[in-house]
Amino acid sequence: MLYRTADAGTSAVAAVDMSVAGALALSAINRALQRHRKVFIVLPQLDGAEEIYRQLTLWNKTLDLDWSVELLNEIQRGRFYIAGSESGRARVLAKLAHGQVDVLVTSLAALLAPAPEVQSLRSSEIILETGREYPFMQLLEALVKLDYDDEYEVANPGEFSRRGGIIDIFSPEADKPARIEFFGDEIDSIRYFDPATQRSLPGTVKSYRVINRCTIQTLTDENGTAFENTVPALEYFDPENMELLEFFPTQYSEFFQKFSDEDHRQLYDDFIARLPEKILRRFYSTSEAAKSDLLPGGIYPATAHLVDSLPEAAADRGRELLARQWSMQLRQWHECKYRIIVCSNDESGTKNLREYFEINDLADLPIEFAVMETPGGFFDFEHQCVLITENELFAGTQAAKRSLKHSTDETPADQELKLEHAVISDLEPGCHAVHAAHGIALYHGLKLESAPDGSQREVMILEYADNAMLQVPVHQAASVSCYIAGGRASSVKLHRLGGIKWSKDKQATTDAVHQYAAEMLRLQAVRAAAPGLEIPHNDLAIKEFIARFKFADTPDQQRSFEEIASDLDCGKPMDRLLCGDVGYGKTEIAMRAAFKMVDAGFQVAMIAPTTVLAQQHYMSFLERFTTYPYTIEVLSRFRSNAEQQSVISRIASGGVDIVIGTHRLASSDVQFKNLGLVIVDEEQRFGVKIKDRLLRMRSDVNVLTMSATPIPRTLYLSMAGARQLSTIMTAPVERLPVKTIVMREDDVAIAQAITEEVARGGQVYILHNRVRSIKDRCKKLAQLLPDVSFGIAHGQMPEEELESVMRNFIDRKLDVLICTTIIESGLDMPNANTIIIERADRFGLAELYQLRGRVGRWKRQAYAYLVIPDQCYITPDGRKRIAAIRRCSQLGSGMRLALRDLEIRGAGNLLGSEQSGHINTVGFELYCQLLKQEISLLKNDRIREWLPDVDVNIEFIRYACRGTDGVLAAGIPPEYIESEKHRLSIFRTLNHLCSEAEVKDYRMELADRFGKLPPEVENLLTLTLIRILAAQAKFTSITVLENKVLLRRGSLATYRSSDGKMPRLNGNTPPQARLLELLRTVKLAALESNISAN
């Protein structure tokens, strides 16, 4: 493993074998259990510390120790400093200051980095307790001083949000954010809440500790002058109650020599000198450290190395040889009186293991089976015990699977419900909006308007062509959505208010959507009627192949392969689309489908749009199928004519099991003997002729199409039932968020960033989006870094030259690629983990998000440097984009905001150019609604629909935020909820509620998030329930005039009760009582209507 140094201008590469990290972690836990002391582990570099920390976390969970295991991170200094990145370090320092850490892992740089004095850190904390007074405004000011961000909603550590008498806070020290509800200046209650749903969790807590989010901020005053009361972080350690484990101390001197100074060396030496000898243990190699207690189980047997060293003929029997090797080793352990335990993650894994041992004549051994999550196997010499994991058994010495759990994914039905209840639009003043009845306009925000009767209501201001203005009452917010399309906002034309163009555009889109939906369903019916391929079942083989995958599946990967396997087994030709970002595991799923087919005796063809991408897939397949007796070939321009003809000949004779290539594979001279599966990567990038050939293929064989552009969940749900779709939206377990650093233009700093990445064995992208000056830029950087190899890539290069450069970069012959935005979206470059985007202020938000996503596709920490001019003026919009992309550092963040136009690009890729045009015409949200409706109508499906609107005209209540004497107000007063976004969100949600239970549930959510509901909001909820009950009973209007209740169904007669009379309200009661009486009247009318209908 290659380590990244902390603050390095130049770096030495410390190559350390970390394959035994799990054993080192277990060894540390063993020592802590035996000696009843806290254990602090120090390594020369942070990467090694991170690996051991991950293993410690898993063992802590597996052994159910309930220990506090922490990783102390390094700080970022100088020009690369980010305040938000300090949250994790602040949390660990706070826990150390209170003696709440049992096992700590850190690096030398993190240990020596400055921190506030322990007492200073403790005194900066705020303890909030139920029943105690804390001035409300003073707390808000204190949170700002502690470097917390004031956000719309609290989602990440170091954020707070205020709504009325409630403050939401997410302290970096806490696992969950807290909702602090005040009564005046007294804290009335404290409860945790879920940042995903914003709902409170059951129960309350007595106190909540708020720590400084950023420890570095306490080190300098407002002029940047360093305070004197700072200490190195090692001063937080208590020598009287700890054991210090130093790993690889021979590398410490090199660290001090290159990346530190004499003062740091003296500090550390003095600290070590103060430690009692018995609590300091030094390990000079991984094997020495591990053998002190345990050895990693993967060391024996070295089955993967055995197979790698065999001649080709013998390697064809790879699986048999691996099983034989394990059999010999297991019997040897049994003869040596070792207790043998084999672990699986679940009961189905145990069943597979028992079957495996029976097939390989090992059922007679006294092997114990256990269901438990372990990061890897190990030997315990002292107790003569060996533990083997399911993955090690199937995959030899392959690295143990990461078994960290993802949060449970929602079902599509859950997603659909949440989408309908969520803020689908992100309306901001100045953006384009779509009114369902009037078309595209400019949204100018909310305005408070006074009515003639003295009541006040909020309206949405929409501007149409010729400066025509439309005021939309805020309770009709559901009819207005944010206009999202693939084109630029400047090219959007506003509709004319009252004109006929919008109705024509909308009708044309509806007709096109109908035709598109009908064609999808027709193709689905044709394939359903066609005979499929009979595929023999071999569950053990595919489970063994899956077990050899060296990482834990994400929930989306598991679901996607189950869907594909079900398609292949159903006896009908498959035509499934697999969507997901690069590096999210689509290729692994495709390889599993390929294995299932070749294991059944069929051939597989994989078609990629470019030669470089085909070559990358070829290398991936070769590595994954190493121990299997299948022939894999590639057919592209990288092969000579003679080689291509040889491959084509062997394809026809059945001598090639899997062939990967470009559109050459779709040529008429390529004939397969027994083709069973075609995998198409990025189909939208092929030409019309190639698409036609692929379309003809679809009628006979199974087809799996992959797309690297994320598909919006809204569209995914709209197409459910008409197209076989699988999505991978979950990041891999070990994927780390990309650290985003904004910096002024400085070639020395850029050179430093390049040097650090290259020093740890990585590669760098530099985005220079001007072809005219790209060569000069490359020349200048090459002069600064003569030992670094550079390459150039841009769209105006000859295709062969561009392919050659990209291939060299993939093959790691180049350290740095200076390029335009041509960076190929389909390429997976896990070794490229730094991207430097020059003139970042000129890129759109979605472009920045996409470009940053080119790195960070491995477990190694990735960095994105957004370079802005040192002197040039940056527009306000440019500043906002950069600030937003820096905030969106969590994995998956920005999928509904920063990725909007990128997702529309994905929608265009899936639907085609004609449908993309219709999306531009009516907006993405309305298009999805129309598509879903048409599919449901054609299939005669009952779907969850928004209830039809009911015309409400009640003499004693108005949709308003403030009422008058004798007239109630139903609305949301701005003083109750200050945020316009929140108010719009609530009105949209209310329009989408469909039952009394949903109204009741939403009322509880509002009270939880915003505090006690004022009368206006209570009235609004009651009016919403009346509307829902009326709509369910098919009433189209409710009118209350002179206390008479008129309930109508279109042009039909007014509803009358069972006694033949028209309902009347008691005019002698106050308006509030009459509103509740009206609710009871509508309930009764709805009940009677349902009875008569049945």
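The values are calculated or read from the model by the stated rules, or taken from the named source; none is laboratory data. No experiment lies behind these values; they were computed from the predicted model shown. We place every Cβ from the backbone using ideal geometry, glycine too, and count neighbours over all the protein chains shown.
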Subject >> Of residues in region 631-650 being touching a strand residue (DSSP E or B) at 6+ places or on another chain (Cβ under 6 Å) and in contact (Cβ under 8 Å) with a residue 24 or more places away in the chain, the one nearest to residue 393 (Cα to Cα) >> reply: 632
Original post:
Counting only residues that are out of contact with any strand residue (DSSP E or B) (no Cβ under 7 Å at 6 or more places or on another chain) and outside any loop (DSSP other than H, G, I, E, B), which one in region 560-580 is surrounded by the most Cβ atoms within 10 Å (Cβ to Cβ)?
Top reply: 561
Subject >> Pairs where the first residue, in region 439-468, is without any contact (Cβ under 8 Å) to a residue 24 or more places away in the chain and the second is among the basic types (Lys, Arg) and assigned to a strand (DSSP E or B), C-beta under 6 Å, 6+ apart >> reply: 449/457; 459/447; 461/447
Subject >> Selection within region 636-665 - among the hydrophobic types (A, V, I, L, M, F, W, C), under 17 Å from residue 617 (Cβ atoms) and out of contact with any Phe, Trp or Tyr (no Cβ under 7 Å at 6 or more places or on another chain) >> reply: 638, 647, 656, 659, 665
**OP:** Could you please give the count of residues in region 116-156 that are among the aromatic types (Phe, Trp, Tyr), modelled with pLDDT of 90 or more and surrounded by fewer than 16 Cβ atoms within 10 Å (Cβ to Cβ)?
**Re:** 0
**OP:** Scan region 1040-1094 for residues that are without any contact (Cβ under 8 Å) to a residue 24 or more places away in the chain and aliphatic (A, V, I, L, M) and jot them down.
**Re:** 1046, 1052, 1053, 1062, 1073, 1087, 1091, 1093
Original post:
Out of region 797-842, which residues are in contact with a His (Cβ under 6 Å, 6 or more places away or on another chain) and in contact (Cβ under 8 Å) with a residue 60 or more places away in the chain?
Top reply: 838
Original post:
Restricting to region 777-817, what's the tally of residues that are among the β-branched types (Val, Ile, Thr) and within 28 Å of the chain's Cα centre (by Cα)?
Top reply: 2
**OP:** Test residue 1034 against the stated conditions and say whether it is surrounded by fewer than 20 Cβ atoms within 10 Å (Cβ to Cβ), closer than 30 Å to residue 481 by Cβ and out of contact with any Asp or Glu (no Cβ under 8 Å at 6 or more places or on another chain).
**Re:** yes
Original post:
Among the residues of region 136-157, how many are at positive phi and either within 20 Å of the chain's Cα centre (by Cα) or not charged (D, E, K, R) (or both)?
Top reply: 0
Original post:
What number of residues within region 158-189 are under 28 Å from the mean Cα position of the chain (by Cα) and among the hydrophobic types (A, V, I, L, M, F, W, C)?
Top reply: 6
Original post:
Counting just the residues of region 595-613 that are over 27 Å from the mean Cα position of the chain (by Cα) and part of a helix (DSSP H, G or I), which one comes out surrounded by the fewest Cβ atoms within 10 Å (Cβ to Cβ)?
Top reply: 599
Subject >> Whichever residue in region 957-1003 is basic (Lys, Arg) and closer than 14 Å to residue 1014 by Cβ and, among such residues, is modelled with the highest pLDDT >> reply: 1003
Original post:
Looking only at helices (runs of 4 or more DSSP H) that fall completely inside region 979-1094, which ones have 3 or more residues that are among the β-branched types (Val, Ile, Thr) and under 18 Å from residue 969 (Cα atoms)?
Top reply: 1015-1032
**OP:** Determine, yes or no, whether residue 87 is out of contact with any helix residue (DSSP H, G or I) (no Cβ under 9 Å at 6 or more places or on another chain), buried (at least 23 other Cβ atoms within 10 Å of the Cβ), at pLDDT 70 or above and not basic (Lys, Arg).
**Re:** yes
Original post:
Checking residue 77 against (1) modelled with pLDDT under 70; (2) crowded, with 21+ Cβ neighbours inside 10 Å; (3) out of contact with any helix residue (DSSP H, G or I) (no Cβ under 8 Å at 6 or more places or on another chain), which single condition isn't satisfied?
Top reply: (2)
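Each row is one residue, and each column tells you yes or no for (1) without any contact (Cβ under 8 Å) to a residue 24 or more places away in the chain; (2) within 10 Å of residue 439 (Cα to Cα); (3) of a type in the set (Ser, Thr, Tyr); (4) in a helix (DSSP H, G or I).
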residue	(1), (2), (3), (4)
497	no, yes, no, no
506	no, yes, no, yes
512	no, no, no, yes
517	no, no, no, yes
522	yes, no, no, yes
532	no, no, no, no
537	no, no, no, no
Subject >> Number of the condition not met by residue 761 [criteria: (1) in a loop (DSSP other than H, G, I, E, B); (2) loosely packed, with under 11 Cβ neighbours inside 10 Å] >> reply: (2)
Original post:
If you take the residues in region 333-360 that are charged (D, E, K, R), modelled with pLDDT of 80 or more and not in a helix (DSSP H, G or I), which one is surrounded by the fewest Cβ atoms within 10 Å (Cβ to Cβ)?
Top reply: 337
**OP:** Look through 920, 953 and report the one residue that is outside any loop (DSSP other than H, G, I, E, B) and at pLDDT 90 or above.
**Re:** 953
